[in-house]
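Novice: Starting off with a structure, shown below.
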Amino acid sequence: MAKAYDHLFKLLLIGDSGVGKTCLIIRFAEDNFNNTYISTIGIDFKIRTVDIEGKKIKLQVWDTAGQERFKTITTAYYRGAMGIILVYDITDEKSFENIQNWMKSIKENASAGVERLLLGNKCDMEAKRKVQKEQADKLAREHGIRFFETSAKSSMNVDEAFSSLARDILLKSGGRRLKNNNKPPSTDLKTCDKKNTNKCSLA
Ligand SMILES: Nc1nc2c(ncn2[C@@H]2O[C@H](COP(=O)(O)OP(=O)(O)OP(=O)(O)O)[C@@H](O)[C@H]2O)c(=O)[nH]1
């Protein structure tokens, strides 16, 4: 039987508790949003297959608990990730300041060369904004990574963010082949299987 995908990429979301990591993953994998806040216990994942550069990419997206007490469990998952998404909340300055600590944690625990992406979530809450876009742009430039403002609530930039990270990993892993094929880069993302989700939890 033919394989249902060409590549499997493991992604990991990190960031302070309450910034919206779980909601971003649920929006991406199930196109859903819930206002109720249930803090993640340990670690969890969902799957969505997307189409990038004509390849079926199965994204296994791991959700980590932002609470300090789960750090030992969550940092154990950094090593296997090919892409790590750092999330802060645009209405919570502390969550943005802490991005530096999360960066440090990546350095200490993840594989060298892991792709990183910075997301400022809850951009639907403009009236409560505490972190300016320019501040995050500057931080992202300093670290040489991409940055998006997203809203899990309105869907703004959610697909674009995951797609851009997956595309960067794809280009990195198969860059030479893609260059030889002379294919122009594109961020085209189509849903192949939104219902193909899995859950697991570790207490
Ligand atoms: N307005 C708005 N609220 C959001 C958004 N994303 C998440 N929320 C709300 O923020 C709260 C926390 O969201 P979660 O996704 O559970 O946060 P988390 O980062 O996974 O938190 P931990 O599991 O504790 O690490 C919930 O009440 C969500 O409804 C968003 O884009 N806009």
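Novice: What are the pairs with Cβ atoms under 9 angstrom where one residue, in the range 164-177, is part of a helix (DSSP H, G or I) and the other, located anywhere, is of a type in the set (Gly, Ala, Ser) and at pLDDT 85 or above? Sequence gap at least six, or different chains.
Specialist: Filtered contacts from the range 164-177: Leu165/Gly83; Ala166/Gly83; Asp168/Gly83; Ile169/Gly83; Lys172/Gly113.
Novice: Does Phe9 meet the test of being in a strand (DSSP E or B), open to solvent by 20 Å² or more (accessible area, probe 1.4 Å), in contact (Cβ under 8 Å) with a residue 40 or more places away in the chain and touching a helix residue (DSSP H, G or I) at 6+ places or on another chain (Cβ under 9 Å)?
Specialist: Criteria not met by Phe9.
Novice: Can you go through Ala112, Ala136, Ala152 and tell me which one is surrounded by fewer than 21 Cβ atoms within 10 Å (Cβ to Cβ), within 16 Å of the ligand (Cβ to nearest atom) and of a type outside the set (D, E, K, R)?
Specialist: Ala136
Novice: Further, regarding this structure: Go through the range 25-61 and give me each residue that's in contact (Cβ under 8 Å) with a residue 40 or more places away in the chain, under 17 Å from Ala166 (Cβ atoms), of a type in the set (A, V, I, L, M) and touching a strand residue (DSSP E or B) at 6+ places or on another chain (Cβ under 6 Å).
Specialist: Of everything in the range 25-61, those that are in contact (Cβ under 8 Å) with a residue 40 or more places away in the chain, under 17 Å from Ala166 (Cβ atoms), of a type in the set (A, V, I, L, M) and touching a strand residue (DSSP E or B) at 6+ places or on another chain (Cβ under 6 Å) turn out to be Ala29, Ile47, Val50, Ile57, Leu59, Val61.
Novice: All but one of (1) under 16 Å from the mean Cα position of the chain (by Cα); (2) more than 22 Å from Ser111 (Cα to Cα); (3) modelled with pLDDT under 95; (4) of a type in the set (S, T, N, Q) hold for Ser39; which doesn't?
Specialist: (1)
The values are calculated or read from the model by the stated rules, or taken from the named source; none is laboratory data. Note that the structure is predicted; figures quoted are calculated from it, not measured. Note that each Cβ is placed from the backbone with ideal geometry, even for glycine, and that neighbours are counted across all protein chains shown. For the accessible areas, the whole protein counts, side chains as well, though only heavy atoms, and no ligand, DNA or RNA atoms are used. Shrake-Rupley method; radii C 1.70, N 1.55, O 1.52, S 1.80 Å.
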